Amino acid sequence: MEPWTVRGGPAEVVERTRRWLSADDDAPLVVETSGSTGTPKRVLLSRAAVRSSVQASAARLGASGPWVLTLPPTYVAGLQVIVRSLVAGHPPALHDRDGWPAGEGWFVSLVPTQLTRLLASSPDVAALRRAHTVLLGGGPIGASLRGRAAEAGVRVVATYGSAETAGGCVYDGLPLDGVAVALGEGGRIRIAGPTLFSGYDGQPDLTAEVLVDGWFLTSDAGRIDEDGRLAVIGRVDDVIVTGGLNVPGPAVAERLRQHPDVVAAEVLGVPDVEWGNRVVAFVVGPVGPDEARAWVADAHPRAWAPRQLVRLDAIPLLANGKPDRQALLRLAEAAR
């Protein structure tokens, strides 16, 4: 049976998802990855994996109900919003068309960039206070953003996962029921359980590289804290080797986001003849290179300070709200 590739606008995907959920065959669906680091992959998800994710999520949150779709429906996070709402017996509210729903007890999934913008709007904050839960995933979630949401009275649950795990499968650092998390060489995160994908459509070699003995080998590094919670440090390639030193890009970016004049920040390693890789900071806000370096060095080793600062009007984003890493690399080279 041919898999269904998730494509189209929100209303179209909602209707097609409804039919796929109720079908009595074993045809999987295909959801494409964002391609934030290269060519998008076509991820095969079985109906069992998708439903396992929905059930485990509802059990962890302690409730189910209507969901609000604010994300592209063709990526796994948006698709799961649609599935969760339909399984709970409610057509999802399409935020772009309908706005926020009235009443309380609904759910929404956001990425950090969206939540940051919504917290700056009083009407949006008032709406989010009525939500049962705001799931927050798709990128690094700093303590400062979590703190702002808590102060605003918005209940946020941080999620970690990917298309290969049928979306978020770790909530606030703890795996959902049935999901196993372990660390491999170099702290590489491994995940097992009923929510795993079946493979990459048409790419058996790549599938064999990342699906090993029932475990999905992610591209992320992490640690297990004393309380048993997974802390995601960042992508394995987010550790920037510069001048023989290892610099954790996400930690530098989070420090820059704490600067009172910084609206948004990302940090990448860019190939460099002298340093191997240079630490490049992309910043939205009126901060100069010397000030940015001093701000980072005040909290971290001086070697972590960015060697190049690129000021932007906005961080370029992919359709799913994640930073466009390829665009940032091009901006770094153009700004030299």
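If you check every pair at least six apart or on different chains, which have Cβ atoms under 7 Å apart with a residue in region 86-113 that is at negative phi first and a residue that is part of a loop (DSSP other than H, G, I, E, B) and hydrophobic (A, V, I, L, M, F, W, C) second? Note: pairs meeting the criteria are Trp106/Ala131; Phe107/Ala131; Val108/Ala131; Ser109/Leu71; Pro112/Ile141. In this structure, Leu176 does not qualify as under 19 Å from Val31 (Cβ atoms) and either touching a Leu at 6+ places or on another chain (Cβ under 8 Å) or surrounded by fewer than 18 Cβ atoms within 10 Å (Cβ to Cβ) (or both). Residues in region 77-105 that are surrounded by fewer than 22 Cβ atoms within 10 Å (Cβ to Cβ) and either of a type outside the set (Gly, Ala, Ser) or touching a helix residue (DSSP H, G or I) at 6+ places or on another chain (Cβ under 7 Å) (or both): Leu86, Val87, His90, Pro91, Leu94, His95, Asp96, Arg97, Asp98, Trp100, Pro101, Glu104. Applying the condition of being aromatic (Phe, Trp, Tyr) and touching a strand residue (DSSP E or B) at 6+ places or on another chain (Cβ under 8 Å) to region 280-329 and asking which residue is farthest from Leu115 (Cα to Cα) yields Trp304. Applying the criterion of being assigned to a helix (DSSP H, G or I) and modelled with pLDDT of 95 or more to the residues of region 126-148, the residue that is farthest from Tyr160 (Cα to Cα) is Ala126. Taken over region 292-332, residues that are surrounded by 13 or more Cβ atoms within 10 Å (Cβ to Cβ) and acidic (Asp, Glu) amount to 1. Is it true that some residue in region 230-248 is touching a His at 6+ places or on another chain (Cβ under 7 Å), within 21 Å of Leu317 (Cα to Cα), outside any loop (DSSP other than H, G, I, E, B) and not aromatic (Phe, Trp, Tyr)? No. Scanning region 253-294 for residues that are part of a strand (DSSP E or B) and of a type in the set (Phe, Trp, Tyr) yields one hit, Phe282. Scanning region 25-37 for residues that are without any contact (Cβ under 8 Å) to a residue 60 or more places away in the chain and surrounded by fewer than 19 Cβ atoms within 10 Å (Cβ to Cβ), we see that the one that is nearest to the chain's Cα centre (by Cα) is Ala27. If the condition is being in a loop (DSSP other than H, G, I, E, B), at pLDDT 90 or above and closer than 28 Å to Lys322 by Cα, then region 14-40 contributes only Pro28. Give the residues of region 181-200 that are in contact with a strand residue (DSSP E or B) (Cβ under 8 Å, 6 or more places away or on another chain), buried (at least 18 other Cβ atoms within 10 Å of the Cβ) and not in a strand (DSSP E or B), sorted by residue number. Within region 181-200, Gly193, Thr195, Leu196, Phe197 qualify.
From Ser64, Ser53, Ser57, grab the single residue that is out of contact with any Gly (no Cβ under 8 Å at 6 or more places or on another chain) and either among the β-branched types (Val, Ile, Thr) or buried (at least 17 other Cβ atoms within 10 Å of the Cβ) (or both).
On the way: Ser53 fails: out of contact with any Gly (no Cβ under 8 Å at 6 or more places or on another chain); Ser57 fails: out of contact with any Gly (no Cβ under 8 Å at 6 or more places or on another chain).
Testing whether each residue is out of contact with any Gly (no Cβ under 8 Å at 6 or more places or on another chain) and either among the β-branched types (Val, Ile, Thr) or buried (at least 17 other Cβ atoms within 10 Å of the Cβ) (or both) leaves just Ser64.
Out of curiosity, is Arg97 at pLDDT 95 or above and in the same structural domain as Thr159 (by TED's automatic domain parsing)? Taking the combined requirement at face value, the residue does not satisfy it. Of all the listed residues (Ala221, Ala265), the sole one being at pLDDT 90 or above, buried (at least 16 other Cβ atoms within 10 Å of the Cβ) and on the phi < 0 side of the Ramachandran plot is Ala265. Is it the case that Ala63 is touching a residue at least 24 places away in the same chain (Cβ under 8 Å) and out of contact with any strand residue (DSSP E or B) (no Cβ under 7 Å at 6 or more places or on another chain)? Yes.
The values are calculated or read from the model by the stated rules, or taken from the named source; none is laboratory data. Keep in mind that this is a model prediction, so the values were computed, not measured. Neighbour counts are summed over all protein chains in view; Cβ atoms, including those assigned to glycine, are modelled from backbone coordinates with ideal geometry.
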